[in-house]
């Protein structure tokens, strides 16, 4: 990704936003937006017509008084008026959005498969994934503001907004599934950190793909040795309870020591898990050659295949004031 690339707010000519999108994805009171050169506030409604911004874009948001950085890749072959899916890709500990882009290869895959991908950066390289941490709420505010900004300036399908993350970023994506289900349509976590996860009360059920190595020494598959806190089976059990997934799982071997486990849930929601028995703490298929899309066994490709087959969902309606 070009590092000092075009500024997103300067490329809104011909970009689209749907009124229903912005009704459900308005930034919180702590987030501020800029005004585009054309005088349209970022996030305002506009028809999906004309040319789209393409390639690597940079954006800065002011959220809860702090500067937050965001890289956005719009597929080079994108053409209006088609609204595109959006994936937020969250980096791991001591990393950044700029590093997450080549690590995952999402941008090269986006060019081939026609979706928008955004790479937010955490303050100090770490997402505050525990609800009691100072700044934890601000990270969620940033995610909501980022979605709203992108939807306001790029032609994004409001019913196909997803988030994926690795390690510390996987833990943050799990929190997003709990707190931002009104603007998300599916999440995926890779080697996610679920320790001290806390309560989870999403506004609606949400599809989940979890990918984890059986030999992960950083966030062990079975959680902390004495307490089991943060275990993958425990996290999946929590999510199945949230999504009300009945019955036994279907299992399929994808490769030697690699198993896909699938639960089917009401309302066409899906919960899936890929266990790689010999994998440590890593994103499978990381760092593909520059410009090359990830291979078929990569986490990037599997996540996109999972997201693209989920049914499109419209945003939740805005709450109505009580009668009388």
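For the range 186-201, which residues satisfy the criterion of being buried (at least 24 other Cβ atoms within 10 Å of the Cβ) and assigned to a loop (DSSP other than H, G, I, E, B)?
As a first pass, look at the range 186-201 and keep what is buried (at least 24 other Cβ atoms within 10 Å of the Cβ): 186-194.
191, 192, 193, 194 - these are the residues of the range 186-201 that are buried (at least 24 other Cβ atoms within 10 Å of the Cβ) and assigned to a loop (DSSP other than H, G, I, E, B).
Can you tell me which residue among 244, 248, 240, 253 is touching a strand residue (DSSP E or B) at 6+ places or on another chain (Cβ under 8 Å) and surrounded by fewer than 13 Cβ atoms within 10 Å (Cβ to Cβ)?
Numbers: 244 fails: touching a strand residue (DSSP E or B) at 6+ places or on another chain (Cβ under 8 Å); 248 fails: touching a strand residue (DSSP E or B) at 6+ places or on another chain (Cβ under 8 Å); 240 fails: surrounded by fewer than 13 Cβ atoms within 10 Å (Cβ to Cβ).
Exactly one of 244, 248, 240, 253 is touching a strand residue (DSSP E or B) at 6+ places or on another chain (Cβ under 8 Å) and surrounded by fewer than 13 Cβ atoms within 10 Å (Cβ to Cβ), namely 253.
Evaluate the following for residue 24: is it closer than 22 Å to residue 144 by Cα, at pLDDT below 95 and over 21 Å from the mean Cα position of the chain (by Cα)? So that I can check it myself, show each step before the final result.
Details: closer than 22 Å to residue 144 by Cα: yes; at pLDDT below 95: yes; over 21 Å from the mean Cα position of the chain (by Cα): no.
So residue 24 fails the test.
Is one or more of the residues making up the range 124-142 part of a loop (DSSP other than H, G, I, E, B), surrounded by fewer than 24 Cβ atoms within 10 Å (Cβ to Cβ) and under 11 Å from the mean Cα position of the chain (by Cα)?
Here is the first cut: in the range 124-142, the ones part of a loop (DSSP other than H, G, I, E, B) are 126-135.
Still in the running and surrounded by fewer than 24 Cβ atoms within 10 Å (Cβ to Cβ): 126, 128, 130-135.
Now narrow it down to the ones that are under 11 Å from the mean Cα position of the chain (by Cα): none.
For the range 124-142, residues part of a loop (DSSP other than H, G, I, E, B), surrounded by fewer than 24 Cβ atoms within 10 Å (Cβ to Cβ) and under 11 Å from the mean Cα position of the chain (by Cα): absent.
Within the range 148-179, track down each residue that is part of a loop (DSSP other than H, G, I, E, B), at pLDDT 95 or above and over 27 Å from residue 286 (Cα atoms).
none
The values are calculated or read from the model by the stated rules, or taken from the named source; none is laboratory data. Values in this document were obtained by computation on a predicted structure and should not be read as measured data. Glycine gets a Cβ as well: all are built from the backbone with ideal geometry, and neighbour counts include every protein chain shown.
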